């Protein structure tokens, strides 16, 4: 058993879930789908590192952690309902045994990044999901290339417009991050990365520049 699997099983059990091995097998199967380049277990592990870094100040850290495990479990490139289907997957797998399942599902839906969450725990969940925007420029570029690789259904021009629209909307917000902790840690670098990306006439993932 890997450390990652053991961590999930311990969390699932703490929250009241049963049949954790079967749940993890299904979860890992989804995250291992061949189409995925960014929305993989590696992304989940990165989220867990940020969770651990901030854990002392996160309300209900177990609830936030389960949302991070499950927020991308269903990923169909271009589908508008991936978050809803991921939340539904969690509710089905929880099978009425996890008291916090409805809260976890709400956190998963919040990772559409629309609006400002009022719940402090939800703020941490969505901030951790977007923490990669505040990574180093090299890592930001690598992540962008992985995201692009998942959308083989779109030509470069169409994907570029969609990416610019999403990143531009984030940059136009008063704040990208909703918690004080991640705002202090990531906001400035994220704004530099997004400003740089939107200033590129040709997408870096298309040219390697």
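Neighbour counts of C-beta atoms inside 10 Å place 112, 158 in the sequence 158, 112, starting with the fewest.
For the pair residue 173 and residue 206, the difference between a 0.36 nm per residue extended length and the Cα-Cα distance amounts to 9.2 nm. Each of residue 157 and residue 192 was given a label point 7 Å from its Cα along the Cα-to-Cβ line. The distance between the two points is 3.4 nm.
Across segment 64-175, the fraction of Cα-Cα pairs farther apart than 25 Å, rounded to a whole number, is 27%.
Starting from the Kirkwood radius over alpha-carbon pairs of the chain, derive D by Stokes-Einstein at 25 °C in a medium of 0.890 mPa s and give it in µm² s⁻¹.
D, rounded to a whole number, is 139 µm²/s.
Taking a virtual spin label 7 Å from the Cα of residue 99 along the C-beta vector, which residues in segment 1-42 bring their backbone nitrogen under 16 Å of it? The answer is 12-18. Placing one equal scatterer on every Cα of segment 1-114 and applying the Debye formula, the log10 ratio I(q)/I(0) at q = 0.23 Å⁻¹ is -1.55. Computed over the alpha-carbon atoms, segment 1-64 gives an Rg to Rh ratio of 0.98, Rh here being the Kirkwood radius from the mean inverse distance. Only Cα pairs under 8 Å and 6+ residues apart enter the sum, and on that basis the relative contact order of segment 130-209 stands at 45 percent.
Decide, for segment 142-182, between rounded, prolate and oblate: order the square roots of the alpha carbon gyration tensor eigenvalues as a ≥ b ≥ c, take rounded if a/c falls under 1.5, and otherwise choose prolate if a/b is larger than b/c, else oblate. It comes out oblate by the Cα gyration axes. In terms of surrounding Cβ atoms within a 10 Å radius of their Cβ, 194, 130 rank from fewest to most as 130, 194.
In plain terms, the C-alpha convex hull of segment 130-209 casts an average shadow of 5.1 nm² when viewed from every direction. Ellipticity at 222 nm from helices only: DSSP H runs of n ≥ 4 in the chain, each -39500 (n - 2.57), divided by the residue count, give -20000 deg cm²/dmol. In the chain, Cα pairs under 8 Å separated by at least six residues give a relative contact order of 20 percent. Sorting the segments 63-70, 143-150 by their residues' average number of neighbouring beta-carbon atoms within 10 angstrom, most packed first, yields 63-70, 143-150. With a Förster radius of 30 Å applied to the beta-carbon distance between residue 13 and residue 53, the computed FRET efficiency rounds to 0.80.
Every read-out reported here was derived from the displayed coordinates using simple, explicitly stated rules and does not represent laboratory data. Because the structure is predicted, anything quoted here is derived from the model rather than measured. All Cβ positions, even for glycine, are placed from backbone atoms using ideal geometry, and neighbour counts span all protein chains on display.
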